[in-house]
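Step one of this worksheet: look at the structure below.
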Amino acid sequence: MIWLALAAFLFVDPFWQTKAAKEWTDAELSQFLADSTWAQMAGQPAKPQGGKNSAEGKSVQVYLATAGPVVRALAERDRRLELRRPGITKALAEDPLSEERAAWFADHRAAYIIVAARVGNNAAFSSEQETRRMERGSVLESGRVQARVSATFPPTETDPHLYMAFPREAVAAADKDLSFGLYLPGVPTPYRT
């Protein structure tokens, strides 16, 4: 009898397949954006790199920003945030960089796979060396093909996410597994996910 209950538990569909985003609890919404098919908390290597204040071992939230389920989850998160703090989404919408990013996403969503990483608005993005390293060191791997990042949008005061766009043409229709190697400025090195 215990085996039957265990087997039933193991074959239960994830909540995101059985319920609409509006029906998710806050905990389910957070879980989806941290541990699902489209999102994960990517951890850094455990090997010490720079002393006790290096933030090593810290996890960074990474997700496919243009995947349909993620878009719906983020819209639901924003809706709940607006209910808790009226006017917050208006303040976010008034950020000129957010407007530019949203317009670019709308124009290029079909041609690019966009990955978001929550890195915070940090000073590393003002370093030309760090941004060049990010552009050279961030890749999408699909089968035997590697594609470098094509466009990046740094975090702002109102949005702590770094957005990276990779060309969708690098992914064949039959490819089911994608891998990303990301260099994230301002996150203690080495950091690859």
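The values are calculated or read from the model by the stated rules, or taken from the named source; none is laboratory data. These figures come from a predicted structure and were not determined experimentally. Using ideal geometry, Cβ is built from the backbone for each residue, glycine included, and neighbour counts are taken over all protein chains shown. Calculation scope for accessible area: heavy atoms of the full protein, side chains included, ligands and nucleic acids excluded. Shrake-Rupley method; radii C 1.70, N 1.55, O 1.52, S 1.80 Å.
Here is a check on your reading of the model: is residue 151 over 25 Å from residue 98 (Cβ atoms) and open to solvent by less than 90 Å² (accessible area, probe 1.4 Å)? Here the answer is no, as residue 151 does not meet what is asked. Within segment 54-68, residues that are at positive phi sit with their Cβ atoms under 6 Å from residues that are buried (at least 20 other Cβ atoms within 10 Å of the Cβ) and modelled with pLDDT under 85, at 6+ positions apart or across chains, in these pairs: 57/44. Taking first residues from segment 109-131 that are farther than 13 Å from residue 185 by Cβ and partners that are modelled with pLDDT under 90 and among the basic types (Lys, Arg), the Cβ contacts under 9 Å between residues at least 6 apart in sequence or on separate chains come to 110/168; 111/168; 112/168; 113/168. Does residue 184 meet the test of being among the aliphatic types (A, V, I, L, M), assigned to a strand (DSSP E or B) and under 25 Å from residue 30 (Cα atoms)? So residue 184 fails the test. Where residues in segment 109-128 are part of a loop (DSSP other than H, G, I, E, B) and open to solvent by 80 Å² or more (accessible area, probe 1.4 Å), which of them is modelled with the highest pLDDT? The selected residue is 110. From the list 132, 101, the lone residue that is closer than 18 Å to residue 66 by Cβ, open to solvent by 20 Å² or more (accessible area, probe 1.4 Å), among the basic types (Lys, Arg) and outside any loop (DSSP other than H, G, I, E, B) is 101. All of (1) at pLDDT below 80; (2) over 26 Å from residue 186 (Cβ atoms) hold for residue 79 with one exception: (1). Residues of segment 154-171 that are at pLDDT below 85 and either closer than 22 Å to residue 98 by Cα or surrounded by fewer than 16 Cβ atoms within 10 Å (Cβ to Cβ) (or both): 156, 157, 158, 159.
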